[in-house]
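The values are calculated or read from the model by the stated rules, or taken from the named source; none is laboratory data. Since the structure is predicted, the reported quantities are computational estimates derived from the model, not experimental observations. Note that we place each Cβ from the backbone using ideal geometry, even for glycine, and neighbour counts take in every protein chain shown.
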Amino acid sequence: MPADYFPLFIMLVVSVAFAAIGVGVSAILGPHRPTAIKGQTYESGMPTIGTARRRVWIRYYLVAVIFILFDIEIIFFYPWAVVFKQAPLFLLIEMVVFVAILLVGYIYVWRKGGFDWY
Amino acid sequence: MNILGISVDPAIVKFIILVVQCIVWIVALLTTFAYIQLVERWTIARIQVRIGPNRTGPRGLLQPLADAIKALFKEELVPTNADKLVFVLAPMISVSCALLAFAVIPVAPPINLFGVEIPMQIADVDVGVLYILAIGSVSVYGTVLAGWSSNNKYSLLGSLRAAAQLISYEVTLGLALVGVFMLTSTLSLNGIVDYQKNFGWLIAPQIIGFFLYVIASIAETNRLPFDLPEAETELIAGYYTEYSSIKFAFFFMAEYINIITVCAVTTTLFLGGFLSPLSGIPFLRDIPILAWDGIWWFALKVFVLIFIFMWIRGTFPRLRYDQLMNFTWKAMLPAALLNILITAGIVLYPEILRLLNGQVTLR
């Protein structure tokens, strides 16, 4: 029922308002004396070297891709789990087939060292 | 509807109740956050043979208030290199997501106030658990944007680590719960509590799921054995290195409110939510309060879980990043899949018995 979600909308408005008021009040109450040194990026007290806008390690991207794979799997699992009791044996066999196909990819990633960090 | 002799449109009454409820929820969460953080400082201090905060007010009880005032009155620094808009937006995303996630958790049975039935949760949605996981995913944005917008190498590394860790553990977090839904046949948190009222707490058949969920939720909230994103010894403070004043407090707040939320979810899904554990025991059944279902039981269970979180923080050393990733992908994920298979076995057990007795019913 879409009407069930209306309270969540109110909660969204209230919590965003809380966050905005917090930032606003602090901006009014706090002092503002910015200097060039204060505005510098903090690097353990040393002068900043270069910028942080640089390329990052590919492995983070790989993890994100694997995550998408398994997250979609979970999305399939949830409705399956909810209707599971209606035809347990049939649904179990179906899910075993589905997971078996997925496990091929999982084992491939494992063997290729996709989960190893070094 | 008649209230104090004035006839009011029931829709307006409902709306006002809702808004008041939202504000009460947020205030309650913030107060709980403030005092949990104080209790945690005491607990960690005791574990490390220190005394902890005891100067502000009686026994240090006003410490959270002092911290809040201090956070509000500090100067807000925005680094000159930072992306200003995103820098301000990131803590707001974090804290509002944290507050939003708690909205679907039933903290007590509905109460009747002046003839109006008030549910003790903000929204009773059919897919409550899915909603909490979804909000959890959105709150990753707060972390990632904070690290990126600071334009600080340490922040960026912290946020990348956080993103990789959060999404990795989210997989286990989601899979650990599938067993629960297989038994309850519903995603609604109220439905799950109802199931536990009739069939007993789900921790018994779902003990693997319970431990997987608790471990994954410790990682999800960046708590100590898994707090790589903010490892002080390597990354200064991780993704919120550049934050000061209330914005820093917001990240802190978001972290603790997330702890409350995951503990509340664990309580609701595995420990019977607001149900009383004593209602089945014969001579305790008739004692009021103790045998009644209510928010006190819910709060007790949540606080015990939060205390376990603190205890773990005080006793475990930090993992290395490769251990962290290995643990979720190579150990917890197969365990979660195994748990699903075991749960299927539990559901199928009567069927298998019939199959063995020769009454084949392949549906």
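Suppose we keep only residues that are among the basic types (Lys, Arg) and without any contact (Cβ under 8 Å) to a residue 24 or more places away in the chain within the range B:289-341. Which one would you say is farthest from B:Pro205 (Cα to Cα)?
B:Arg320
Out of (1) farther than 30 Å from B:Glu351 by Cβ; (2) more than 9 Å from every other protein chain (Cβ to nearest Cβ); (3) not in a loop (DSSP other than H, G, I, E, B), the odd one out for A:Phe76 is which?
Of everything listed in (1) farther than 30 Å from B:Glu351 by Cβ; (2) more than 9 Å from every other protein chain (Cβ to nearest Cβ); (3) not in a loop (DSSP other than H, G, I, E, B), A:Phe76 misses just condition (1).
Check B:Pro225 against each of (1) away from every other protein chain (no Cβ under 14 Å); (2) at pLDDT 85 or above; (3) more than 30 Å from A:Val83 (Cβ to Cβ) and name the one condition it does not meet.
(2)
Return the residue satisfying two criteria in turn: it lies in the range A:86-95 and is loosely packed, with under 14 Cβ neighbours inside 10 Å and part of a helix (DSSP H, G or I), and of such residues it is nearest to the other protein chains (Cβ to nearest Cβ).
A:Phe90
So for the range B:79-97 (the condition being farther than 16 Å from B:Val262 by Cα, more than 9 Å from chain A (Cβ to nearest Cβ) and either of a type in the set (Lys, Arg) or in contact with a Lys or Arg (Cβ under 6 Å, 6 or more places away or on another chain) (or both)), does at least one residue qualify?
Scanning the range B:79-97, I find at least one residue that is farther than 16 Å from B:Val262 by Cα, more than 9 Å from chain A (Cβ to nearest Cβ) and either of a type in the set (Lys, Arg) or in contact with a Lys or Arg (Cβ under 6 Å, 6 or more places away or on another chain) (or both), so the answer is yes.
Please indicate, with yes or no, whether at least one residue in the range B:42-62 is crowded, with 21+ Cβ neighbours inside 10 Å and over 20 Å from the mean Cα position of the chain (by Cα).
no
Listed here are the residues, each with its yes/no results for (1) at pLDDT 85 or above; (2) in a helix (DSSP H, G or I); (3) among the polar types (S, T, N, Q).
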position: A:Asp4; (1), (2), (3): no, yes, no
position: A:Ser15; (1), (2), (3): yes, yes, yes
position: A:Ala19; (1), (2), (3): yes, yes, no
position: A:Gly22; (1), (2), (3): yes, yes, no
position: A:Leu69; (1), (2), (3): no, yes, no
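Out of the range B:239-285, which residues are of a type in the set (Gly, Ala, Ser) and at pLDDT below 75?
Passing the criteria: B:Ser279, B:Gly280.
What number of residues in the range B:55-71 are within 11 Å of chain A (Cβ to nearest Cβ) and either more than 23 Å from B:Ser139 (Cβ to Cβ) or touching a Cys at 6+ places or on another chain (Cβ under 8 Å) (or both)?
2
More than 7 Å from every other protein chain (Cβ to nearest Cβ), among the aliphatic types (A, V, I, L, M) and under 25 Å from the mean Cα position of the chain (by Cα): is that true of A:Val23 in this structure?
Criteria not met by A:Val23.
Given the criteria within 14 Å of another protein chain (Cβ to nearest Cβ) and more than 25 Å from A:Leu29 (Cα to Cα), does B:Ile36 qualify?
So B:Ile36 fails the test.
Just to be sure, is A:Phe115 without any contact (Cβ under 8 Å) to a residue 60 or more places away in the chain, outside any loop (DSSP other than H, G, I, E, B) and not hydroxyl-bearing (Ser, Thr, Tyr)?
Criteria not met by A:Phe115.
Do we find that A:Pro31 is outside any helix (DSSP H, G or I) and within 7 Å of chain B (Cβ to nearest Cβ) in this structure?
Yes; evaluated as a whole, the condition is true for this residue.
With respect to B:Thr186, is the statement that it is of a type in the set (S, T, N, Q), within 12 Å of chain A (Cβ to nearest Cβ), in contact with a helix residue (DSSP H, G or I) (Cβ under 7 Å, 6 or more places away or on another chain) and assigned to a helix (DSSP H, G or I) true?
No: the conditions fail for B:Thr186.
Under the condition of being surrounded by 13 or more Cβ atoms within 10 Å (Cβ to Cβ) and more than 7 Å from chain B (Cβ to nearest Cβ), which residue from the range A:44-66 is farthest from B:Ile93 (Cα to Cα)?
A:Thr48
Can you spot a residue in the range B:147-163 that is more than 30 Å from A:Lys38 (Cα to Cα) and at the interface with chain A (Cβ under 8 Å from one of its Cβ atoms)?
Within the range B:147-163, none of the residues are more than 30 Å from A:Lys38 (Cα to Cα) and at the interface with chain A (Cβ under 8 Å from one of its Cβ atoms).
Could you list, in sequence order, all residues of the range B:69-84 that are out of contact with any helix residue (DSSP H, G or I) (no Cβ under 7 Å at 6 or more places or on another chain), in contact (Cβ under 8 Å) with a residue 60 or more places away in the chain and hydrophobic (A, V, I, L, M, F, W, C)?
B:Leu77
Let's see how each residue does on (1) crowded, with 23+ Cβ neighbours inside 10 Å; (2) farther than 20 Å from B:Lys247 by Cα:
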residue	(1), (2)
B:Ser149	yes, no
B:Ser159	yes, no
B:Ala164	yes, yes
B:Ile167	no, yes
B:Glu170	no, yes
B:Leu175	yes, yes
B:Phe181	yes, yes
B:Ile192	yes, yes
B:Tyr195	no, yes
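Name every residue in the range B:114-133 that is in contact with a helix residue (DSSP H, G or I) (Cβ under 9 Å, 6 or more places away or on another chain) and either away from chain A (no Cβ under 11 Å) or within 22 Å of B:Tyr169 (Cβ to Cβ) (or both), in order of residue number.
Correct list: B:Val116, B:Ile118, B:Met120, B:Val127, B:Gly128, B:Val129, B:Leu130, B:Tyr131, B:Ile132, B:Leu133.
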